[in-house]
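Notes for the one structure printed next.
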Amino acid sequence: MFAALTKYRHAFLVGLQSNLVYRWNFAVRGLFSLFHLTAVFVLWSAAFQGRELVGGHTLDQTLTYFVALLVLQFFISAFNEDYQISEDIRNGLINQFLLKPISYYGYRLSIFAAARLVTGALVLVPLAVALPFIGAHLALPTDWGWRLALGVPAMLLSALIQFGIAYCFGLLTFWFLEIQGFVILSMAVEAVLGGQMFPLDLLPAGVMAVARFLPFYYQMYFPAAIFTGRIGEADALSGLGLELAWVLVLFAVNRVLWSRGLRRHTAVGG
């Protein structure tokens, strides 16, 4: 057990070093995210023109949601994981994992965790720069006890869902030469059903009820809604159960795709 942990610890450290090389890329990306945040402030200020509440929430509460979404994006989103896995398969780099006592899933998950640690830390820098300008508009909930207790596990499970979906798309390279179409389609659906374009509680009740059973709901919206007070404790607890279920489902799908994909794989090079 300790030997296995050592293997993945080394993979994590390699990923940490690799991502620190591109720290300025992530820092610039985080800085330019502030322009997106500025556009969000302008658009939602216009949407609230002459209104005190939209969907039962104030302008400040809505803007706080989008700030939380921006921060979570850098902490849990799978940036290019699917393409990296696809490249490993196409270039034969996974061959080395077929001959060594190391799980490719565990290796990629370690790299993913290292990358999220670096990008998450770097986004705090532009956020600190913007805080004096947006601080007056932040409306955080006061019941932080249970929100932290449930929000942190929700965030970790959301990261596993993001990784699981990216891993699935990456493994499709065993069957398809190019996965870009699948990834773009997934991103488009996630933008709507993941709450990135607007808070999902603005959807009609029937659509929202269906969305709660889809994995996209838990990719970004669910942890952001917990931290910003858009859902209550009962919904958060039930949501955690569904979120864990999706993590397990995606893990099972990953195992099946990996097993069947290897039957089609020709180990040349690497």
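Being under 23 Å from V247 (Cα atoms) and surrounded by fewer than 12 Cβ atoms within 10 Å (Cβ to Cβ) is the requirement here; does A205 meet it? Can you show your working first?
Details: under 23 Å from V247 (Cα atoms): no; surrounded by fewer than 12 Cβ atoms within 10 Å (Cβ to Cβ): yes.
Answer is no for this residue.
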Checklist entry - Is it the case that region 235-246 has a residue that's farther than 23 Å from A78 by Cα and exposed (fewer than 13 other Cβ atoms within 10 Å of the Cβ)? => result yes
Item to check | Output for region 143-168, where each listed residue is surrounded by fewer than 23 Cβ atoms within 10 Å (Cβ to Cβ), aromatic (F, W, Y) and under 27 Å from R108 (Cβ atoms) | outcome: none
Checklist entry - Among the residues of region 95-119, how many are in contact with a Leu (Cβ under 9 Å, 6 or more places away or on another chain), of a type in the set (A, V, I, L, M, F, W, C) and over 9 Å from L16 (Cα atoms)? => result 2
Next on the checklist: What are the pairs with Cβ atoms under 6 angstrom where one residue, in region 146-158, is more than 11 Å from A236 (Cα to Cα) and in contact (Cβ under 8 Å) with a residue 60 or more places away in the chain and the other, located anywhere, is among the β-branched types (V, I, T) and surrounded by fewer than 22 Cβ atoms within 10 Å (Cβ to Cβ)? Sequence gap at least six, or different chains.
Outcome noted: L157/V247
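Out of F198, F213, which single residue is modelled with pLDDT of 90 or more and of a type outside the set (S, T, Y)? Before the answer, list the steps.
Numbers: F198 fails: modelled with pLDDT of 90 or more.
Step by step, each of F198, F213 is checked, and only F213 is modelled with pLDDT of 90 or more and of a type outside the set (S, T, Y).
Within the group R108, R51, which residue is under 25 Å from the mean Cα position of the chain (by Cα) and either more than 22 Å from E190 (Cβ to Cβ) or among the basic types (K, R) (or both)? So that I can check it myself, show each step before the final result.
Working: R51 fails: under 25 Å from the mean Cα position of the chain (by Cα).
Just a single option satisfies the conditions, and that option is R108.
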Checklist entry - So which helices (runs of 4 or more DSSP H) stay within region 158-270 end to end and still have 2 or more residues that are under 29 Å from L59 (Cα atoms) and of a type in the set (D, E, K, R)? => result 233-264
Next on the checklist: Pairs please, first residue from region 206-219 and of a type in the set (S, T, N, Q), second anywhere and in a helix (DSSP H, G or I), Cβ atoms under 9 Å, 6+ apart in sequence or on different chains.
Outcome noted: Q219/I76; Q219/S158; Q219/I161; Q219/Q162; Q219/I165; Q219/E190; Q219/L193
Next on the checklist: I want to confirm something. Restricting to region 125-142 and keeping residues that are touching a residue at least 40 places away in the same chain (Cβ under 8 Å) and in a helix (DSSP H, G or I), which single residue is surrounded by the most Cβ atoms within 10 Å (Cβ to Cβ)?
Outcome noted: P126
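The values are calculated or read from the model by the stated rules, or taken from the named source; none is laboratory data. Predicted, not measured: the structure shown is a model, and the values here were computed from it. Reconstructed Cβ throughout: ideal geometry from the backbone, glycine too, with neighbour counts over all protein chains shown.
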